[in-house]
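**Q** Following this message is one structure expressed as structure tokens.
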């Protein structure tokens, strides 16, 4: 059971980091790719909705809390980085600050303490 839980957490982390990498790629993309970015967002939202529909009520509530926490992290990070002046340097800075914020959140959580202690 422990191995399955670790695999699920690793999967979740990989998906999160992949998403952040896609943000960096989107931020450095030319303006003419805006329609493709809108389609990508729609696809991701649709996939998230399908997965959410498979969750029980208590897990959906946890997902909503997680989504709010993620939005708070994004808002905190975007307040520190001017997203209107997008270039590769600001995208890199955005990802660095987001990673630092996530690391700080995880370091303060019981999961982060357990993961840090197991390393």
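**Q** Once fully extended, how much extra length lies between residue 21 and residue 78, figured as 0.36 nm per residue of separation less the alpha-carbon to alpha-carbon distance?
**A** Answer, rounded to one decimal: 18.9 nm.
**Q** Compute the distance from the alpha-carbon center of the range 34-82 to that of the range 1-28, in whole Å.
**A** 13 Å
**Q** Same structure again: Based on the Cβ-Cβ distance of residue 66 and residue 36, what FRET efficiency does E = 1/(1 + (r/R0)^6) give at R0 = 25 Å, to the nearest 0.05?
**A** So, using R0 = 25 Å, E works out to roughly 0.35.
**Q** Working out 0.36 nm times the residue gap between residue 105 and residue 5, then minus their Cα-Cα distance, what length gain in nm do you get to one decimal?
**A** Extra length from residue 105 to residue 5 when fully extended: 34.0 nm.
A short reminder: the numbers here are calculations on the coordinates, not readings from a lab. Keep in mind the model is a prediction, meaning the values are calculated, not measured. Heads up, the Cβs are rebuilt from the backbone with ideal geometry, glycines too, and the neighbour counts pull from every protein chain shown.
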